[in-house]
Every structure is written in C-alpha cells, then in structure tokens.
1. Summed for both chains, how many Å² of accessible area, to the nearest 100, are buried between A and B with a 1.4 Å probe?
2. For A:PHE168, enumerate residues with amide H under 5 Å from its amide H, sequence gap 5+ or separate chain, H modeled in the peptide plane.
3. Considering only B:THR359, B:THR335, B:THR377, give the residue with the highest GNM mean-square fluctuation for chain B, with springs between Cα atoms whenever their separation is below 10 Å.
4. Leaving ligands, DNA and RNA out of it, work out the accessible area of A:MET56 with a 1.4 Å probe and give it in Å² to the nearest 10.
5. Name the aspartates and glutamates eligible as straight-distance cross-link partners of A:LYS292: C-alpha to C-alpha under 12 Å, and not fewer than 8 places from it in the same chain.
6. At 1.4 Å probe size, put A:THR327, B:THR123 in order of accessible surface, largest to smallest.
7. Measuring label to label, 7 Å along Cα→Cβ, what does B:ASP241 give against each other copy in nm, shortest first?
8. If you draw the axis that swings chain A onto chain B, which residue of A has its Cβ closest to it, and how far is that in whole Å?
Protein chains: 2
Amino acid sequence: MAQKASKFLGMLSTEKKNEALHTIADYLDQHTAAILTANEQDLQNGRQAGYDDAYMDRLSLSESRVKEFAQGLRDVAKLEDPAGEIVSDWTLDNGLQVETVRVPLGVIGMIYEARPNVTVDATGLALKSGNAIVLKGGSSAIHSNRTIVRLMKEALENTEVSSDAVQFIDSTDREATEQLFTMKEHIDVLIPRGGGKLISAVVNNATVPVLETGVGNCHIYIDKEADVEKAISIFINAKTDRPAVCNAAETLIIHSEWLAENKEALVSALNEHSITVYGCDRAVNEFPGAEKATEDHWANEFLSLDVAVKIVDEAAEAVEHIDTYGTKHSEAIVTENAQTAAQFTGLVDAAAIYHNASTRFTDGSALGFGAEIGISTQKLHARGPMGLPALTTVKYVMKGNGQVR
Amino acid sequence: MAQKASKFLGMLSTEKKNEALHTIADYLDQHTAAILTANEQDLQNGRQAGYDDAYMDRLSLSESRVKEFAQGLRDVAKLEDPAGEIVSDWTLDNGLQVETVRVPLGVIGMIYEARPNVTVDATGLALKSGNAIVLKGGSSAIHSNRTIVRLMKEALENTEVSSDAVQFIDSTDREATEQLFTMKEHIDVLIPRGGGKLISAVVNNATVPVLETGVGNCHIYIDKEADVEKAISIFINAKTDRPAVCNAAETLIIHSEWLAENKEALVSALNEHSITVYGCDRAVNEFPGAEKATEDHWANEFLSLDVAVKIVDEAAEAVEHIDTYGTKHSEAIVTENAQTAAQFTGLVDAAAIYHNASTRFTDGSALGFGAEIGISTQKLHARGPMGLPALTTVKYVMKGNGQVR
C-alpha cells in the first residue's frame, strides 16, 4: 500500500505536499490531549519496567514537545523540495535529450527506538521529499506512536496525499522488524535511528539497502604543535557540551611533547569539568586517578563525561589509532602546523575531519541544512549530515523522436 | 594490504596515477605473449569443460584484445580525475570553513565472470579514482587473470602506486568469494559484474555495501498514439542491435488499438529479423506461430532474438506490468501524446525512461561518460550508467581557529 501511495505522492506538486504537512501539524496540535494520554500509558509501563531517567526522558512527551514536533512539520514545509530538480541535462549529437531528474526513493523504512517525536519528524521529511514511509518504533513507545500515526493518517484523509503513504508496524514483536529487513521488493531504503546495537542489527541482516547513521566514536588529537587554549577548549567542548550525542568526543589522543608542556592546564580543565580518564599505560601514569582503558573503552562510545586518553609520539600513531577504533564519523586535529593538518585530513577516513574546531559541528542544523534525517557514517549515497536530498535518487529521462543506435 | 595502499594512493596526484596507468599499459603490451599463453590454458580447459561458443568468446584473448585493454588504460588516464574535486564550500557565521571534497571510496572488491579484460578495465578505473582493488574473477579465466595481475603488479613496482593496491584472489574456491562478502572492515564496496545469479548472490549475502549492476529486463511500450515507423524501428533496434546486452528490450507491450491498425507492419518486421514471440493469451492469437509466455519469460532476460509480447487496453496496464517484472534498468514508451509520455515517465520506476527512443542509449559511452564501471539498477549512491565519480564519496573538511559550539 505504501508503495502504491508513493507513486502518486511522487508526482504531487510541492504545494500539495506542503498543504498535507500543515494539515497534519494542525491536527496534531488539536489532538495533543489524545497524544499525551497515550504517552502516559507508555510512561507508566516504562516506570514499571524500571527504565532509567535518560530513557524515560526520551520517551516522555509534553504539551510543548507536541507543539515542537508539529511546528517541525511546518518548518519542513518551508524547506526546498528536492524532488523534481533537474540535476543535469544535455543533448546528444543525434538530438536525444537527456535529463537527470531528482526523484523520491519511493518507500522509506524507519526503524527507531524510544523517542516518539521521530514518528512525526521522519514522516515529515519523507512526505516532503515525496516518499511513503513505514514506521517501526520501539516497543516502549507503542501507545504514543500508534496514536500519533492514527492522527496523522486521519489528517491525511483531508489532503491529496494518500493516508496509505504512512504505514505503522503495530507490533512489539522482534520478528515484525526482521521482516522489514528483507522486503526488498517493497521498501527502497531502511534507516535505523538509535543505538549501536540497533544499527548493526539492521546493517548486518538487511538485504534492503540501509542508510547507516549515527554511531560516533570520535577522537580529538592534540598535536605537538597545538595551541594550548584552542586544544583545551575544543576538547572540553567536544566532550562536555552534549556528551550523549554522536558528534561528542570519546577519545583524546595527545602528543607526548605537548603533554609535557601543558599537562597542568589540561588536568585542571579535566577536573573542572568532572571528566573521568581511562588511559593507556602512559596516560595512567600521567593523569591522577586515571584507570586503565579497556578494549571496550577504545572501541565504543561513552556518551558520558568519561574519556579514553592515549599518548603518542607522532601524528601517524594517532591516525593509526583512529583507523583501528574510529567509526568514520567525526575526527579532529588541533595543530598550528598546516602540513600536519593536511596529512591528518588526507589520511583519516571519516565523514568529517576538523582542523582546530570541535567535532560538535557535524550536525545538519549547525551546517545550515534545515532538517536532518541523520548523520551518515557510510560512504555510499550520502556521507555526514543528511538533508532531504539524501531521501532522493535520480532518474534519467530521455526524450527523442525515434532515435536508435 | 589493499587498505593500507589505498590510503597513500588516495593522496597521490593525478599525474602520478596517470603515469602508473601508462606504465601498466606499456608493460602489458610488452608481455602480450605471456598473457596469450596463459589464456590458451584457460581456453583449453574451457573446451574440455564444453563451454558454448559465446562463453568461449568472452574468455578468449588475442593480440588485438590485449592491445585494446592496454589502450583502455591510456584512455582512462585521459579522463578527469574525480578525486580531490571540491564539491561545495561555505563558511559558517562563526568563521568555520566547510568544504566537501570528493575522495576515493578506498578499497573496491570486484567479483566477475569469464572476461579477463575486466581485470584490466576495473583496475584502471579503480586506480584512476584513487582506489585500491581486490579482484575475484571467474574460475574459468584464472590463468589469464593470474598472469595479467602479476604483470600489472610488476609494472607498479616502477611507479609511485604501491603494487599492494592491486590484489588478486588466486582461488577457484567459492568460499573465497563468500569471504569477500563480509569483509566490511577492509572492503568499502563490492561490484559484481556478470549474470543475474552472480549479482543476486552478492546482493543477498554481502554485508559489504554493493553497487548493483546490470540485469536489464527492459520493456518497450507501444502506446495507442504511437507513430508506426518510430515504434517499429525503436523496438527492432532495442531488440536486435545487440540482444545479449542489458539495455536490450526483452518484452514488448502493445496497446490493442495500435495493434489493430499496425499488425501487418509489425509482424513483417518481426519476421524479417527472425524474432520469436512468446505472448500473453491475446498475443498468441494475434501473432502467427507465437507460443504462450511463461512466468520465466516475463520475469527474466532472453538475451536473444526472443521477445515476450503483452497486449493491453491502456497505458496504466503497461506501467503495472513493468512494475511487476521490470528490473529498474531502462523502459521506453512510444507515443505522440506528451501527456501519456509524462505519466509513464513519472510512474515508471527505473534508472532510465525513454520517450520515443531506443533503450540502447543507457550506456556510459553513448552518453559521453568516457568509461563505465557498470550500469546501476539500484537507487542509492549511483543510478544508471556509472562513470568514475561513482567510485568516490565525499568528506567534509572543516578548517577553524578554535571554534566550539
């Protein structure tokens, strides 16, 4: 049904799609009470299940949060419509006119966890770019999601977008998710949004193409020739501004010569921000109270005020460490040496490489994209922060008057 | 080893990469005899195994074929280098400079069948775009491929490109191929080149991202309002120009009203070109000697002078048939009605849609791309004929002076 709906949605004008987004936004606003009632049920179940505060916060909706995601739809309506853009056009010697036109991908499968706002955000981005969407949210948010989707579909009844363009997998069954993995004939792309486990389950098991988003095991490398103020403020920002997000720093790599000069300043900044160090053998000796880092510390995100610290004697060692443990998200070097920076930028394989700036800028809104579907850590199709064009492909449209070869 | 080599290759200048391509080309020319000797062994084994003529032709090399693929390398050297291109750049209000730079994918895994020239062609495209390559050719060509790769690696010893940038899986073992499927840490993309079975084995089993190429179950729809001359010449060209290629037509869909007017002309063209018809029930009645088409006929490529024929009463039926059986490669409508054409173009989901022209133009060289890695029938990353840029991704490179969020 989503596939069929996507065909007609793909041919609708930008205006009609925007009207639909506004209609949904207004309808959600009007039915805030129903959404909050459903959410209360999820919260109650969550409390019984003993979820932690951070999880409960992600799960919980309020009048202002509903207003926020309804407004988000109106903001998406304002964005440029990528579908229909003529990407390039030329005419062959024989007169055949060639156009590459940006078109919607078709049907997007969204697999996500606790946050019910993703239900609305993802639907908005999908519809704006002319795609149908199949939503599979986390079990813990099923009452909220079910109600939100019902309301969105009701709203669509009064628009030119078919309500079939939004589909909800109303199941808490793991098998329901796994069925989506292989529906290659009906789903054009799967987008997992959530933790590393969810993402790797999708990547490793899906035959439907996946847009891999999110896990950021990001490193800050403070080079021998790093400016001390820049180095410390960049690291502290990347580590502490929002420790739980994917563009936060997780490992600090420090050149031994820089550390010898600036240890005191760094240690006092770490203390001031209550950062706990897990170090390599050398770092354990240098940092008071540091524990030894485990393989898990090097390889995975802390998403907290903890950091893994490694001391190196040359930039190449930093690059090698990032090669081994990085997740190809965001990596930074702090140095006043342009050549060292260029080597780092060239050799490190990641979506975003920073020279003398915080990794926190790998973000659609920080870069001015308006809305963001996620941050791609894969190399094919889209890399880094993904705006609406990531939900499109191209089509060659050829117009002739009988040309043959 | 390929991965390590790819890092340095990715940073080499276009000039150095071109020098390497010329060095390989000259070296292959000089060692034509060794290549032909090895090929003779494959041919001998092929004759013993009783391969058919078409297969033996694909397997066989000659002095002129060696010259051709060596020259191919020099032609690739002339193409624009996609790596290093600044795709976009802007500066944020805080002064952070943002650039998106085109960079090589890294390591390309090429899995292919009988043609030993793919060994050289794929290596040329990979090296030019700054990628290392892992080659897994068909067992029947192993002697040819082994010798060609040895020569290419010897040639690279005298260049700035590491000979590790070209790796050969010297095995006829199916497990060796399957190991490539999951080497996500070491291979950035797999490109299968060959028949439908090979491609679907890779697509369905690989966790490494795949660039899906090639299978083209292409349709020509002759609309009610089709010009008779255009219709017949387009169909005959698409069916007979090179029946074994992926952009050849496999099914003809005809509007009943057009057929009623133009049956005689069509039948005589079919006869003239010795085309065998497998039809739907109505077509069996209309076309003398036609057999009934099976599900297999509708769903798969003939790659011969056979065609499946379906008669419909409206354009929407044609679109539906293509939806069901098409492989999203190339689809054509012949009509003088611009609105019908626009509907067809909008509703049909394929890499290339033709209005009044032959599907045979879905081809890198016909479209002026220079070299072609293959024709993508997937939607993500690259669609339709893929030139060198399909072997690249982008990297965000951010230059700051201490920016934090």
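The values are calculated or read from the model by the stated rules, or taken from the named source; none is laboratory data. Only a predicted model underlies this, so the values are computations on that prediction, with no experimental measurement involved. So basically every Cβ, Gly included, is an ideal-geometry build from the backbone, and we count neighbours across all protein chains shown. These area figures cover heavy atoms from the full protein model, side chains too; ligands, DNA and RNA do not enter into them. Shrake-Rupley method; radii C 1.70, N 1.55, O 1.52, S 1.80 Å.
1. 5600
2. A:LEU135
3. B:THR335
4. For A:MET56, solvent-accessible area is about 30 Å².
5. Counting by Cα, and skipping residues close in sequence, A:LYS292 has these aspartates and glutamates nearby: A:ASP281.
6. Reading off the accessible areas and sorting them downward yields A:THR327, B:THR123.
7. Relative to the other copies, B:ASP241 has label-point distances of 5.4 nm.
8. Spelled out, residue of A and its Cβ distance from the axis onto B: A:HIS381, 2.
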